[in-house]
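A.B. asks: Below you will find the structure I want to go over with you.
Since every read-out is calculated from the coordinates, none of them should be taken as a lab result. This structure is a prediction, so every number in the text was calculated from the model and none was measured. Cβ placement follows ideal geometry from the backbone for every residue including glycine, while neighbour counts extend to all protein chains displayed.
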Amino acid sequence: MSTAPPSATALVQTHLADLGIPADYGRLRGLPEHPEATELVTARTLKDGRELKLAPDAAAAWLALQAAGLQDGVELLLISGFRSLAHQRGIIERKLAAGETLEAILQVNAAPGYSEHHTGRAVDIGTPGCPPLSEGFEDTAAFLWLTARSAEFGFWLSYPRNNHHGLIYEPWHWLFQPPTLSGQIPLRT
Ligand SMILES: [Zn+2]
């Protein structure tokens, strides 16, 4: 007899409890629980050899988005893709160990289980000349281009200014959420 693995929810609840995050965090923040992606492909290999991974459909859409940007003279860089629950927990644990308060951390990082990066469909986007993951990204040509063109490729800004999830404004964070009607996204093969 094999034992069924714990449900994602039970696993997430364990992470929350271990970090001292209330069990009703998701409900209070209006954040859905996101399962970890099961299928991932490499979307970018960094100079140090680290691979940034995305779900296959999101990777294809990202590359199409990036290519379309280049055609318009805008360089989009993938800064972060898939993150596991354990990775997200590690980020929070390191910040706690460095003396940051949980309240401050949770304004910047979603709790494990609630980060869109778990799905492999969220991308943090940068552009040359702008510090990564900074609000200044809003003032770049890349951001202006994204606001005009991203929807064509199925990407949407997740955390606008004054969002109701208690997360800071993240002009760099976009989620691949294609419309249900297939064929509307100009994916390249
Ligand atoms: Zn992000």
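A.B. asks: Can you bin region 8-176 into rounded, prolate or oblate? Criterion: square roots of the alpha carbon gyration tensor eigenvalues sorted a ≥ b ≥ c, rounded for a/c under 1.5, prolate for a/b above b/c, oblate for the rest.
C.D. replies: prolate
A.B. asks: List the residues, sorted by chain then number, that are 5 or more residues from residue 77 or on another chain and whose placed amide H is less than 5 Å from its amide H.
C.D. replies: 126, 127
A.B. asks: Using per-residue counts of other Cβ atoms within 10 Å, averaged over each peptide, order 97-107, 10-20 from highest down.
C.D. replies: Packing proxy ranking, top to bottom: 10-20, 97-107.
A.B. asks: Moving on to the next point. With contacts defined as alpha carbon pairs under 8 Å and 6 or more residues apart, what's the relative contact order of the chain in percent?
C.D. replies: This gives 22 percent for the chain.
A.B. asks: Separate question: Would you mind ranking 173, 118, 164, 87 by Cβ crowding within 10 Å, fewest neighbours first? All intermediate terms of the calculation are to be shown ahead of the outcome.
C.D. replies: Numbers: 173 21, 118 24, 164 10, 87 14.
Least to most surrounded, the residues fall as 164, 87, 173, 118.
A.B. asks: Estimate the FRET efficiency between residue 46 and residue 23 by the formula 1/(1 + (r/R0)^6), using the beta-carbon distance for r and 30 Å for R0, to the nearest 0.05. Present the calculation step by step, with values, prior to reporting the outcome.
C.D. replies: Values: r = 36 Å, r/R0 = 1.20.
According to the calculation, E is roughly 0.25.
A.B. asks: Here's a follow-up. Scattering from the C-alpha atoms of region 87-165 alone, worked out with Debye: what is log10 I(q)/I(0) at q = 0.15, 0.27 1/Å?
C.D. replies: Rounded to two decimals, the profile gives -0.67, -1.34.
A.B. asks: What order, most packed first, do the peptides 127-134, 54-61 have when packing is the mean number of other Cβ atoms within 10 Å of each residue?
C.D. replies: Answer by packing, highest mean first, reads 54-61, 127-134.
A.B. asks: Quick one: dipole size for the chain, taken about the Cα centre, charges +1 on Lys/Arg Cβ and -1 on Asp/Glu Cβ, in debye to the nearest 20.
C.D. replies: The calculation lands at about 220 debye.
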